[in-house]
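Let me begin by presenting the structure, written as structure tokens, before commenting on it.
The values are calculated or read from the model by the stated rules, or taken from the named source; none is laboratory data. If you're wondering where the values come from, they're calculated on a predicted model, not measured in any experiment. We place every Cβ from the backbone using ideal geometry, glycine too, and count neighbours over all the protein chains shown.
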């Protein structure tokens, strides 16, 4: 069993790095990756604990990027989070995300929602707000709580996972409050992440046009997340075939956030290619001078 796509509370997950390590040990994962959205905050502690427990660990970041008219998520495995350039880049992204959040709030106001930027950011601790933070901010005032669009996430039909559902319904590409993240054009992100030692994998590509993946392969994409909670077994095989055709490394990641965020997603995926994907990622990261903890024993 393997899981190369795990989130902590450094972005929108529920668990600390220590709690993630305990779950990894409990599941007896062959290898794992912490990959928070646009954040390296959990990687130093994750690295230390993985080293102490002799676990195969890929430090990673899941970048929210833009390609043409699509919001694509790029996994950068082996990123050297100790480099000053990496630390400075994360701060740049945070500031750009805050600007994006201001525009999202304005869009929501135009749509008739009661929400204030300062209140939202206070809830988020002046970090990148999650879908759940938006729901909390929208629920602060009586007129917000009375809005049936908001109630859907409090105790209505979308309350099973308000953190994820609000993002999917309102903030994702092609949704009413979508704001393109132009500071993160995917090819520029790929170039910068590669310079920090990363192997580059497109996360959960279920709704990505296949011609885009071919174009990104030509721009330096290394892999494709084949096994994921977003794909059925049949879909996984379809993406595996495409990855083979394009010579992309197949990877497996649950996109685990914890029960409060994604109650139906468990940590760990079983697949026959797990050793192949780890070995190919290790080779690519080693070639680029990235960071990795791996023992073939």
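Points to keep in mind about this one:
- Exactly one residue out of 108, 120 is in a helix (DSSP H, G or I), touching a helix residue (DSSP H, G or I) at 6+ places or on another chain (Cβ under 6 Å) and within 18 Å of residue 167 (Cβ to Cβ): that is 120.
- The residues of the range 128-167 that are in contact (Cβ under 8 Å) with a residue 60 or more places away in the chain and surrounded by fewer than 17 Cβ atoms within 10 Å (Cβ to Cβ) amount to a single one, 160.
- Test: residue 225 is in a strand (DSSP E or B) and either outside the structural domain of residue 37 (by TED's automatic domain parsing) or over 24 Å from residue 45 (Cα atoms) (or both): yes
- Filter pass, residue 66 being outside any loop (DSSP other than H, G, I, E, B) and at pLDDT 95 or above: no
Let's see how each residue does on (1) within 29 Å of residue 237 (Cβ to Cβ); (2) in contact with a strand residue (DSSP E or B) (Cβ under 8 Å, 6 or more places away or on another chain):
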position	(1), (2)
158	no, no
176	no, no
182	no, yes
190	yes, yes
198	yes, yes
205	yes, yes
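- Test: residue in the range 75-88 that is at positive phi and either modelled with pLDDT of 95 or more or surrounded by fewer than 18 Cβ atoms within 10 Å (Cβ to Cβ) (or both): yes
- Single residue of the range 1-37 satisfying the filter (at pLDDT below 95, outside any strand (DSSP E or B) and touching a strand residue (DSSP E or B) at 6+ places or on another chain (Cβ under 8 Å)) that is surrounded by the most Cβ atoms within 10 Å (Cβ to Cβ): 13
- Residue 241 meets each of the listed conditions (1) exposed (fewer than 13 other Cβ atoms within 10 Å of the Cβ); (2) in contact (Cβ under 8 Å) with a residue 12 or more places away in the chain apart from (2).
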